[in-house]
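K.L.:
Before I ask anything, let me first share the structure, which is written out below as structure tokens.
The values are calculated or read from the model by the stated rules, or taken from the named source; none is laboratory data. As the structure is a prediction and not an experimental result, all values here were calculated from the model. For neighbour counting, all protein chains shown are included, and Cβ atoms are generated from backbone atoms with ideal geometry for every residue, glycine included.
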């Protein structure tokens, strides 16, 4: 059996690495990895693949830095060339990027079976490109691997019981990765206090909106007066806080860190504040409360169970949620599986 895996961003490689390590246990499976180049990441050197124990891509398409339409169109063209050359049994995609959608469209047009990992997630915000990508990819998949019961319910509401698509609750491959990488974590070379707060901000809805970005940083400034706030700064965020001349004197601003350093920060912090989708889950995996700087989340079960609070970009709500910290501290609940998602996925593909 041959699988062509389509990836476009560093988080996707980290997720896919977990599945690739499972695939490597089966001599009868050949995996061909395609890196579209959607997101350029200076941290993804040869050392990255070695440290993370992730197979290097077989193809690098170098498509990035373009509009959504141009990027997706060029990816479809180049992925189709790879698919025709490799003639795989499956094309496998992850998540909700333009690379995901491009791989899905190629599979559909060439009648190659499509597997979508992290399927069924919905923010119900149709202005997000990611929402469009995940909905379309789910709809044309041959098999979808859902990380949660909520994801299964989303697909049921969309009529997937009537579609020629297998729906599997696999658990979350990110939990597999968290268990694997925790033992490999590396402390960043910064002065870090024992009771620090970890924050990340990168979503365009926050960084490109002056009112939202200003409110978030004003709240962080207040919190930073009494607590060390460590903020690995995304380039887009850095550009806009400099443009707006926002006050960051009470914050510990650091350069973006590698994933193993990020795992150390997650594991050793007391609280996480973020607008990242993945970091919300990683907070749960490492038993940390999370304040989410968004108006909605795909991971609604974290909110429903009290591990995560949505605060949007409301300064007063951010500060009051931090001050009160009325989070659920009992993490002994199975929301994302038991760290066996990759095993379940590969076994189902073989069947």
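K.L.:
Look at region 267-287 and say how many of its residues are part of a loop (DSSP other than H, G, I, E, B) and either within 19 Å of residue 172 (Cβ to Cβ) or in contact with a helix residue (DSSP H, G or I) (Cβ under 7 Å, 6 or more places away or on another chain) (or both). If you could, list the steps in order and put the result at the bottom.
P.N.:
So in region 267-287, the residues part of a loop (DSSP other than H, G, I, E, B) come out as 269-270, 275-276, 286-287.
Among the residues that remain, those that are also either within 19 Å of residue 172 (Cβ to Cβ) or in contact with a helix residue (DSSP H, G or I) (Cβ under 7 Å, 6 or more places away or on another chain) (or both) are: 275-276, 286-287.
So the count comes out to 4.
K.L.:
Can you confirm whether residue 249 is touching a helix residue (DSSP H, G or I) at 6+ places or on another chain (Cβ under 8 Å), surrounded by fewer than 16 Cβ atoms within 10 Å (Cβ to Cβ) and part of a loop (DSSP other than H, G, I, E, B)? Can you show your working first?
P.N.:
Values: touching a helix residue (DSSP H, G or I) at 6+ places or on another chain (Cβ under 8 Å): yes; surrounded by fewer than 16 Cβ atoms within 10 Å (Cβ to Cβ): yes; part of a loop (DSSP other than H, G, I, E, B): yes.
Against the criterion (touching a helix residue (DSSP H, G or I) at 6+ places or on another chain (Cβ under 8 Å), surrounded by fewer than 16 Cβ atoms within 10 Å (Cβ to Cβ) and part of a loop (DSSP other than H, G, I, E, B)), residue 249 qualifies.
K.L.:
Could you please find all residues in region 98-131 being assigned to a loop (DSSP other than H, G, I, E, B) and either touching a strand residue (DSSP E or B) at 6+ places or on another chain (Cβ under 8 Å) or more than 18 Å from residue 6 (Cα to Cα) (or both)? Walk me through how you get there before you give the answer.
P.N.:
Applying the first criterion (assigned to a loop (DSSP other than H, G, I, E, B)) to region 98-131 yields 111-112, 118-128.
Listed by number, the residues that qualify are 112, 118, 119, 120, 121, 122, 123, 124, 125, 126, 127, 128.
K.L.:
Being surrounded by 13 or more Cβ atoms within 10 Å (Cβ to Cβ) and modelled with pLDDT under 95 is the filter here, so list the residues in region 337-351 that pass it.
P.N.:
Applying the first criterion (surrounded by 13 or more Cβ atoms within 10 Å (Cβ to Cβ)) to region 337-351 yields 337, 339-349.
If the condition is that a residue be surrounded by 13 or more Cβ atoms within 10 Å (Cβ to Cβ) and modelled with pLDDT under 95, then 337, 339 are the ones that fit.
K.L.:
If you don't mind, another one. Select from region 28-56 the residues that are at pLDDT 95 or above and over 20 Å from residue 97 (Cα atoms) and write down the one among them that is farthest from the chain's Cα centre (by Cα).
P.N.:
Across region 28-56, the extreme among qualifying residues is 28.
K.L.:
Working only within region 148-161, note down all residues that are surrounded by fewer than 15 Cβ atoms within 10 Å (Cβ to Cβ), more than 24 Å from residue 285 (Cβ to Cβ) and modelled with pLDDT of 95 or more.
P.N.:
Residues satisfying the conditions are 156, 157, 159.
K.L.:
Name the pairs whose Cβ atoms lie under 8 Å apart, with the first residue in region 60-81 and at positive phi, the second outside any helix (DSSP H, G or I) and surrounded by 16 or more Cβ atoms within 10 Å (Cβ to Cβ), and 6 or more positions between them or separate chains?
P.N.:
Note: pairs meeting the criteria are 62/37.
K.L.:
Can you give me the number of residues within region 309-346 that are more than 30 Å from residue 212 (Cα to Cα) and either part of a loop (DSSP other than H, G, I, E, B) or assigned by TED's automatic domain parsing to the domain that holds residue 210 (or both)? Quick ask: steps written out before the conclusion?
P.N.:
Quick first cut of region 309-346, residues more than 30 Å from residue 212 (Cα to Cα) only: 330-346.
Subsequent filtering for residues that are either part of a loop (DSSP other than H, G, I, E, B) or assigned by TED's automatic domain parsing to the domain that holds residue 210 (or both) retains 330-340.
Looking only at that region, the number is 11.
K.L.:
While we're looking at this one, here's another question. Residue by residue through region 291-306, note down the ones that are closer than 16 Å to residue 199 by Cα, crowded, with 23+ Cβ neighbours inside 10 Å and in contact (Cβ under 8 Å) with a residue 24 or more places away in the chain.
P.N.:
At the first step, the residues of region 291-306 found to be closer than 16 Å to residue 199 by Cα are 291-294.
Those still in the list that are crowded, with 23+ Cβ neighbours inside 10 Å too: 291-293.
Of everything in region 291-306, those that are closer than 16 Å to residue 199 by Cα, crowded, with 23+ Cβ neighbours inside 10 Å and in contact (Cβ under 8 Å) with a residue 24 or more places away in the chain turn out to be 291, 293.
K.L.:
Within region 288-296, is even one residue within 24 Å of residue 339 (Cβ to Cβ), assigned to a helix (DSSP H, G or I) and either at pLDDT 95 or above or touching a helix residue (DSSP H, G or I) at 6+ places or on another chain (Cβ under 9 Å) (or both)? Please lay out each step first, then the result.
P.N.:
Taking region 288-296 and keeping what is within 24 Å of residue 339 (Cβ to Cβ), we get 288-290, 292.
Then keep just the ones that are assigned to a helix (DSSP H, G or I); that gives none.
No, because not a single residue in region 288-296 is within 24 Å of residue 339 (Cβ to Cβ), assigned to a helix (DSSP H, G or I) and either at pLDDT 95 or above or touching a helix residue (DSSP H, G or I) at 6+ places or on another chain (Cβ under 9 Å) (or both).
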